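For reference, the structure is listed below as structure tokens.
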Amino acid sequence: MTRDSEISRLIPNGVEKVVNSLKRASIIGFWLQIILGVIAGVTLLFASPILISNQDRNQGNTFGVLCALFSLILLGIGIFFSFRYGKVAKKIQTPDPTLRPKKSETIKMIRFGLIINLVGMFLATVGAQALVGIVLAKSLARPQVAFDSSPTGLVNSLDLLIIQANTNTITAHFSGIITSLWLLGRVAR
């Protein structure tokens, strides 16, 4: 406890605010993205074997699934950046100003994390839009009857699972974008 108070006396007040912002953003962004990413990943993992085994009935879903997969990969990179914000906060907390990362380097790192999340959100949105278009086309192509025994062309749970995975991924990237924008506002002052 006394060591923390000694260090905080050696660090300027503005630097201490940046450290606190980085720590807070690291924890919040990391856990939000992890939770939503795991849900999206498990949902996509559950839907993928069904998609592969029913490829002839699920034509067109491949693009949406690929977008979701690439978006999840970018989400993993975004999660790494959220984790890294906390590590940078510890480096900034050193009393020796020459050992601290430069402000420009920190801003560059935050911007790169922001770009990763923007591209990931774009891919997830494109994938979700493609899948929603397929589901809409399937539902409009079917005659509106009370009972139809032919399973081809029906909207199925797989379609909805993949849309749900993309929606969770979009929300995870959105939380990363908000975290990065908030940090840019705090660090760039």
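The values are calculated or read from the model by the stated rules, or taken from the named source; none is laboratory data. As the structure is a prediction and not an experimental result, all values here were calculated from the model. Reconstructed Cβ throughout: ideal geometry from the backbone, glycine too, with neighbour counts over all protein chains shown. Just the protein is used for accessible areas: all its heavy atoms, side chains included, with ligands, DNA and RNA removed. Shrake-Rupley method; radii C 1.70, N 1.55, O 1.52, S 1.80 Å.
Between LEU66 and ILE35, the distance separating the two model label sites (each 7 Å from Cα on the Cα→Cβ line) works out to 3.4 nm.
The listed residues LEU36, LEU181, once ranked by accessible area (1.4 Å probe) with the largest placed first, stand as LEU181, LEU36.
Taking every protein chain into account, the 1.4 Å probe leaves SER104 with about 80 Å² of accessible area, to the nearest ten.
Put VAL126, VAL187, VAL38 in order of accessible area, highest first, and with a 1.4 Å probe you get VAL38, VAL126, VAL187.
With all protein chains in place and ligands, DNA and RNA left out, the 1.4 Å accessible area ranks THR98, THR167, THR106 as THR98, THR167, THR106, largest first.
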